[in-house]
Structure formats: C-alpha cells, structure tokens
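The values are calculated or read from the model by the stated rules, or taken from the named source; none is laboratory data. Here the structure is a predicted model, which is why all the values come from computation and not from measurement. Virtual Cβ from ideal backbone geometry, glycine too; neighbours counted across all protein chains shown. To get the accessible areas, we keep the full protein, side chains included, count just its heavy atoms, and leave off ligands, DNA and RNA. Shrake-Rupley method; radii C 1.70, N 1.55, O 1.52, S 1.80 Å.
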There are 2 protein chains.
Amino acid sequence: MSGLRTDLYELRMAGSYLRRGMTERATFSLFARRLPPRRGFLVAAGLAEALTFLEQFAFDADDLSYLRDVGGFDQSTLTALSTIRFTGDVWAVPEGRVVFADEPLLEVTAPIAEAQLVETGVLNLITFHTTIASKAARCRIAAGDAQLIDFAFRRTHGIEAGAGVARASAIAGFAATSDVEAAHRYGLVPSGTMAHSYVEAFPDERSAFRAFATDFPVNPIFLVDTYDTPAGVWAVVDVVRELGLTGPLGVRLDSGDLAALARQTRAILDEAGLPRAQIVASGSLDEHVIAGLVEAGAPIDGYGVGTKMGVAYDAPSLDSAYKLVCIGDRPVLKLSPGKATLPAPKQVFRDPAGAAGDVVGLRDEPVPADREPLLVQVMRDGRRLDPADPVEAVRAARRRFDAELAWLPEPARRLAEPEPLTATVSPALAALHEQVAARAGRAGGN
Amino acid sequence: MSGLRTDLYELRMAGSYLRRGMTERATFSLFARRLPPRRGFLVAAGLAEALTFLEQFAFDADDLSYLRDVGGFDQSTLTALSTIRFTGDVWAVPEGRVVFADEPLLEVTAPIAEAQLVETGVLNLITFHTTIASKAARCRIAAGDAQLIDFAFRRTHGIEAGAGVARASAIAGFAATSDVEAAHRYGLVPSGTMAHSYVEAFPDERSAFRAFATDFPVNPIFLVDTYDTPAGVWAVVDVVRELGLTGPLGVRLDSGDLAALARQTRAILDEAGLPRAQIVASGSLDEHVIAGLVEAGAPIDGYGVGTKMGVAYDAPSLDSAYKLVCIGDRPVLKLSPGKATLPAPKQVFRDPAGAAGDVVGLRDEPVPADREPLLVQVMRDGRRLDPADPVEAVRAARRRFDAELAWLPEPARRLAEPEPLTATVSPALAALHEQVAARAGRAGGN
C-alpha cells in the first residue's frame, strides 16, 4: 500500500515529528462520536483490512520523488520515510461484535509519526466497513429466516468498494454475494440469476428460460418480470415440465407490488406442482421494505439487496474520529465544542447478560466483576497476532455477530426508532478526564 | 482488471451466449431513470475510469480456475473466456457535461457476451463518479468565489474510493485534495494543514505553531480551535511576529459557530496587521452550510469539504440502469412497471442557448437545427479514441464543467428545491418505441 495513501497533513505532521526527533509513542483512539439517525447499534467491521493496510504501508522511490516535488520535505525526512514501517501495537473490538457511541473500536499505539501517517487509511477502512455491516445487520434482522443476497456491486462507490460491501454484509449474515471476485477472495457463496437483457436477447421468454435451464441446470433462478409476471411464471412452469427438471429452482421478482406478485407466483407454482420452487425478490429493497414484506406474510424465500445496503443509503457514513489520547506517558484530550475527547488508552466493559449498559474505562484498570472486556490486542510491534486468512477472518466475524444478535437488547435492535445503549464512564476514567481537562484549559491560551 | 470483477449473473449470461454461438452485437444504454431528490442536474463523470476498466478486463488462469470451481462453465466456455477482451464501441457524454434523467450517459455496442460481462464495472464506475461530481458541483455553486478543498479521504467508501472522490470533485471545480496519492495520479493540488493531535503533541499551542511554521514555512495553515479559538488566533499572530513570517499563511476553523468565529478571527488578524491571512473553514460542511456562511457574509476564503461530499451523504447513489436497447438490428425494450426503457441507440440533442429542454432521439437521426449532440464516440473496436493521460482528462472535464455552469438554467442550478430539466423524446424515437412495445407485448406471454 503506497505511503501516499494518506492525507497531506498526516505527512506534514509526521515530517515535522521526524525532523524534530519526536519519537515518543502516542496512542490514538478510533470511535464513533454518535450513532447516525436510525441506528441502534454498530457492527464492528474492517479490522482485518485495516491490519493489512498497516502491514503494507510503505514509501517506494516514486512516492518519495513525488513528495520531493510537493515540497516541504527535506532530505533527512525523505530518508526517514523511505524505511518507515508501522511498528506499533493495536487493540481493537473483534469484527462482528456490536458497539455503541463513544466506545473505542480500535486503538493504535506507535511512535507518533507512524501513528499519524496511518490515520487516514485506518479511519477510512473501519468507518466504511462498520457503516455497511451496520446497515446490513438491519436487513438481517428484518428478513428473519429468509436468505439475504448482496446485489450491491453495480452501485457501490467503485470496484474495490464492491468487495468491501460483500465482506461487510457477509459478516452481518448475508448468505451470498453477486460479486464474484469478492466471493473468491473471502470464501463467500457467489450468487447470480439472469438479467432482463437475457430474456430480451431471445425471441421470447420461453426460449430464454429453456436456454438458461439447459446451460445452468443446477438451481436455476428465472427472472419473470420482463414482460408480465404471471405469464412469466407460467413460462417457467412449461419449461420445467418440458425439460423434466426435478432439482431445486426458483424465480425472481424485480418490480411491481412484490407482496401481491409473490402470492400470485406462489399460487401458480403450487398449482403447477412446484411447491418447493423458491421465490427471490429484488429491486430497491432495504430493511423497511423487507420488514413490510415479512409482516405482510409475503411468501418470499430470499431477498437480493443492492444499493440501499451497499451505500448504506440512509446513513452512508459515520461520525468517526481518530483522536490522540496519550503521548509518552501524558494523557491528552481536546476541548473543541462538540468534539471533546476522553484521555488515555481505554477498554470497554460489557455486561454479557445485556441488562446493564457498557462502561468505558481505562485499559489498565481491573475488569469489573461480571463484565467482559471488548477490546483485544490484535497487533504487536507491527505484526498481527492472529494471522487468520481472509476466509477464516470473515467466518469468525460472522459467528461473533450471530452471538451478538442473541445478546442485543430490543430497544437497540428494533428497526423503527431504535434506542442505542449509552455507555457510561468508569470512575477512574472520569477522574483522569477531570485532571487532564484542567491542565489543557491552562495550556491552551498560553 | 480481473474478469471476476463482475456479477455472477453476467458470467452466466455470457457463458450461455458463448456456448450457444450467440455473437450478435448488442447495444446497452446507461442512464439515470430519475434524479435523486434535491438534485437539479447531474455532472457526467467516471468515463475515463470506465474506459480503462474496459481496456483491462480479462481473465487470468486463477480466475478461470475459480470459475471451474463455481460450476456451470464447461471447458469450451472457459476457453472462450480465457481470450475474451472488450472489442466493442462506446459512445458517451464527455466528463464534466451536465445531464438529466433518461438521457444516456454512455452506450456500449459489442458482441453480446462482452457487453454483458462489463455491465457491472461500467455501471459501478459511472454511477459512483457521477454521484460524487454532482454533489461536489452543488458545493461549488454554494461557495461562489471561495476555494474548495476535498477533505473526504478518511470517510470515503474504502481507500480507492478516496481517489475517485478526489477526481470527481476536481471535475466539479474543487481546487485541491488532501488525498496525496490521488493528487499524484491525477495531477491535482495536494493540500493539508495540521490536526488537533499535532497541537496536543507539543507542550502548548504556541510551540506547535512555531514548530510547524519553521518546518513548513510555505503558506502554513494553523488549526486554531483545539482549545479556544480567539486565543489560538492570537497565538498564531505571536508566532508570525516572532518568526518574522511575511508570505501567505492562514488559519483553519474546524468547530463551533463558524460564521461568528470567522468574523472574530478576521478582526484579530486585521488588527494584528495580517489582512491577507486566509481563513479556511471545515467540519461537517455541505452545500447548505456553505451557502449559509456565504449568505451571512462570513469572511471565509476556503472550505474543506469532507464526508458530506465524499459519500454524497443526502443521495449516495443514483437510480442508474444499463439496459439492452438493440440486439443485432432488432431494437428491444422492457415493459416492467416503473422500469420501462426506450429502444435503440440514442443521441441527446441540446439547445446551447439553454432555453429549450433536451431532446432524446435516435443516434442516426439528423441533428435538429440549432441543437448540439451530447454523446460522442470514445472507443472503437475496444480502443479508446482519445488516449488522454489521466491528468489531461481531468483538466478537460473541469473546463467542460466550467462552461456548463454558465449554461445551466437557474431552476436546475439552485440548491433548494431545484427543478431538473425534463428531456422530451424525438418523434422518430417515439414512433419506434410504439412499434417495438407492441411487438414485445405480443412476445411476452408466448
């Protein structure tokens, strides 16, 4: 990963630190200042991607030559950058776990120049993946027992974002993705049916369905709404009979009144002796539309969810921050209105029974009785402690989120007007905060 | 670009076409079905990236081996995929031009398997870049003569999306970006100040400002809101005097009541004999906040715009489609409710005077008098016709958008409740549509 993949100000600050021999270790804490509207919880995601970014962050000759052109970097700074690597420690909430506002998702401790240089990339990856996983989790809650398929690739924010969305939605329990490269990379189930263009490329619907079932006889899913949905379903029935198909198959509805069409479709399929044929719905779905269809008892077996999940349409980012909380042995904070921070490395103490809210405390204070610490160390001296392969990392995260779903209190879990849990601050952290704030107030105007 | 960077259904459809020897040339049209709420126009963007995607799309041995594992692809199909390249023609609206709903942004004509395989990537890139450029354009309109800086990288949808946002916002007139790699790649101006953490890393604000101005004496921008803004501005004044700085410099406000703080800051800087010192504002800005500050007469010289622009927060995607409109010499369409399409390759005829709305017609009909065609051919037989380098492509697009801003009618241009222009259909296209729709209605139920 090119070292230029950062904000210019990170490079300037790091350059200044390097030039001045400021090699103190600093701790930065990454957290969401508040949850977006319509979110009762966040699903931590993106950690494995962020650790890969940290491992690969380096400057090559071309990068350094560009920085020389940009100006402001003297030769000794460029020489220092040429060998710089991330050598720090990282504590983080494991992917798939649920978090709330003001709880650190990740903390970096490293020589201050390193910790500053990687800010942009780490903040970007954790924010993006957590945003998407949190939206996908709401779809998962809405869908109940029905399967979810990630159809977002065509409208994610770029090609690489498609793979990120496939990964984040898999963590939140999506069963499959249309993004083939992402499926390959992360060991997901690739899924795909046919487009309207396929139907139109043949003289009539029946010819298209016949061709598709012949070429892909394993669990074919027929798109039936190109012209007229009930007629399309009957065309499927005819082709199934004609070819003598007996294995799993299904139809996809992509437009119109999905609840009504699903009932009509179910009736036709049942009448035709195909009670096990599946119905998949797609087309501008989000958690609210899915919940409405489930509530209406629409006989839909699977939902293809695209854009609304893949860009987290109603809350496409997170008010996340990566803030300096400690430099050397000196805890620090910031007093800017609306953006104040708590000092020192932290830990989140959770009640596994779910009755009491989380407590944010100091990383080195004892874990309170009946509480579980959320953050674990994931990197030491620049080396990841759990070198899980990309496939296993997603599986483990998905198992964690499964467990979280059982734990998540109802007010945070519900789709309409959810109420997130509010973390409280431990007495030890509160005392430290008061002490550091008083000192900072004095330092500011000097 | 790995050929797996597509949806599985594209591969299945292409596999079916290849296996059946269906090599007819097909035309697909990419357009927005409707504009998002709060958009009066779109800025076409992403074309150069899409053409690069088309040039590089190919399957390597690992891709083919994965497809063998996925199943459903016989050896002859895999062999065909191993050498497939995009060999088609592309017509498109040049980047930086303004478009409206139902106007093709891009049309691909190629053997149907190729045209289908590249759908996901092309639709993804054009949708993403156009979404961001359209949001950034609104910030540009709001800011008037003030400069805009892209600060979005930390919260774009992944690392690569950061470069896309830098590029798309540059097309819409942003003057600089914080994303150093994007600046390098696209010849943009890299921009960066300092973070609160830099101020906190020193014993006091003054020491931090002194260090920064010493290390980066060319146009330093001091972040003044870490503790108390007016005190921070006075600290800048002291350091400027102490170091005898006489060149360009500025301060950045990142929190609080920006209009009031900007006035206070301006007064302090003027009183201190620094009337040319610039004021840059940042912090959750979007076009509405910027317009409010401009309207209030806040003395702000530049705006750093981040997340709200970089994810197009209020409309993070586009109801875009890539629809088959012609196969062989047969124009086709789709009748699905709410998703109906117009047949045949098209052209958009624009009134350069801006008085009359656009007309969508057939590509091969004569250009009406006093009208200008919007789409131009950009690729022939898989080769781009304008092999502009990445830097020149952005510059040309930016010049085009400058001209569009002068053309754009007020109802579409305004920020609050804009009214997009509505394109009409030419008589020739309307007649063809009627004819093809009648035929399709007959074909559907057969």
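Check each residue of region B:59-82 and keep those whose accessible area, probe 1.4 Å, is at least 40 Å² smaller with all protein chains in place than in the chain alone; give them in order of residue number. SASA drop of 40 Å² or more in region B:59-82: B:TYR66. Note on region B:80-207: along the principal axes its Cα atoms extend 67, 38, 21 Å, ordered by decreasing extent. Taking amide H atoms as placed 1.01 Å from N in the peptide plane, the amide H of B:GLY72 has no partner under 5 Å among residues 5 or more positions away or on other chains.
In chain B, the portion of solvent-accessible area held by carbon and sulfur atoms comes to 53 percent [1.4 Å probe, whole percent, DNA, RNA and ligands not counted]. Under the combined filter of DSSP loop state and at most 14 neighbouring Cβ atoms within 10 Å, region A:258-298 retains these trypsin sites (Lys or Arg not before Pro): A:ARG276. Remark: region B:1-79 is approximated by an ellipsoid whose semi-axes, taken from the C-alpha gyration tensor as √(5λ), come to 31, 16, 13 Å, largest first. For chain A, the alpha carbon positions stretch 83, 54, 35 Å along the principal axes, listed from largest to smallest. For the residue pairs A:LYS135/A:LYS334; A:LYS323/A:LYS346; A:LYS334/B:LYS135, the C-alpha atoms sit more than 21 angstrom apart in A:LYS135/A:LYS334; A:LYS334/B:LYS135. Taking the chain by itself as reference, region B:285-317 contains these residues with an accessible-area loss of 50 Å² or more in the full protein complex (1.4 Å probe, heavy atoms): B:TYR313, B:PRO316, B:SER317. For A:PRO203, the label point sits 7 Å beyond Cα toward Cβ; its separations from the matching points on the remaining copies run 9.0 nm, from shortest to longest. Considering only alpha-carbon pairs that sit under 8 angstrom and 6 or more positions apart, the relative contact order computed for region B:19-129 is 48 percent.
Label-point distances for A:ARG276 to the equivalent site in the other copies, using a point 7 angstrom along Cα→C-beta, read 8.2 nm when ranked shortest first.
Residues of region B:161-194 with accessible area at least 20 Å² lower in the all-protein-chain context than alone (1.4 Å probe)? With the partner chains in place, region B:161-194 has these residues losing at least 20 Å²: B:SER178, B:VAL180, B:GLU181, B:HIS184, B:PRO190, B:GLY192, B:THR193. Projecting the alpha carbon convex hull of region B:193-282 along each direction and taking the average yields 4.9 nm².
Between B:LYS334, B:LYS323, B:LYS308, the Gaussian network model of chain B with springs among Cα atoms under 10 angstrom shows the greatest mean-square fluctuation at B:LYS334.
For peptide B:149-156, the mean count of partner chain Cβ atoms within 10 Å of a residue's Cβ comes to 6. For chain A, a Gaussian network of Cα nodes joined below 10 Å ranks A:PRO316, A:PRO37, A:PRO420 by mean-square fluctuation, and the top entry is A:PRO37. Residues in region A:141-310 average 30 Å² of solvent-accessible surface per residue, probe 1.4 Å, ligands and nucleic acids excluded. With Cα atoms defining each centre, region A:128-170 and region B:175-201 are spaced 30 Å apart in the structure. The alpha carbon centroids of region A:340-409 and region B:281-303 are separated by 39 Å. Entry note, chain B: relative contact order of 23 percent, from Cα contacts under 8 Å with a spacing of 6+ residues. Each Cα pair under 8 Å and six or more residues apart adds its separation to the average, and for region B:116-212 the resulting relative contact order is 22 percent. Ellipticity at 222 nm from helices only: DSSP H runs of n ≥ 4 in the protein assembly as shown, each -39500 (n - 2.57), divided by the residue count, give -13000 deg cm²/dmol.
Placing unit charges on the Cβ atoms of the charged side chains and taking the dipole of the protein assembly as shown about its Cα centre, the candidate lying farthest along the positive direction among B:VAL325, B:TYR66, A:TRP91 is B:VAL325. Using the Cα centre of the protein assembly as shown as the reference point, and only Cβ charges (+1 on K/R, -1 on D/E), how large is the resulting charge dipole? Debye, rounded to the nearest 20. It comes to approximately 220 debye. Inter-chain Cβ neighbour count for A:110-120, averaged per residue, equals 2 (cutoff 10 Å, partner chain atoms only). Considering only A:ALA133, A:ALA166, A:ALA321, the mean-square fluctuation computed in a Gaussian network model of chain A, springs between alpha carbons under 10 angstrom, is largest for A:ALA321.
A simple charge model with +1 on the Cβ of Lys and Arg, -1 on the Cβ of Asp and Glu and nothing else charged puts the dipole of chain A at about 1120 debye relative to its Cα centre.
In angstrom, the C-alpha Rg and Dmax of the protein assembly as shown are 28.1, 90.
Taking the Cα centre of region B:193-282 as origin and assigning +1 to Lys and Arg Cβ atoms and -1 to Asp and Glu Cβ atoms, the resulting dipole is close to 300 debye. Going by accessible surface with a 1.4 Å probe and the largest first, B:SER76, B:SER169 read B:SER76, B:SER169. Comparing B:VAL359, B:TRP407, B:ALA369 along the charge dipole axis of region B:356-407, the residue lying farthest to the positive side is B:TRP407, per the Cβ-charge model.
For the chain pair B and A, the buried solvent-accessible surface (1.4 Å probe, both sides summed) amounts to about 9100 Å². Other protein chain C-beta atoms within 10 Å of residue C-beta, averaged over B:9-19: 6.
Net charge of the neighbourhood of A:GLY292, taken over other residues with C-beta under 12 Å away and scored Lys/Arg +1, Asp/Glu -1, is -4.
For B:PRO409, the distances from its label point to the matching points in the remaining copies are 5.5 nm, ordered from shortest, with each point set 7 Å beyond Cα toward Cβ.
When the alpha carbon coordinates of region A:276-360 are projected onto the principal axes, the ranges are 65, 31, 22 Å, largest first.
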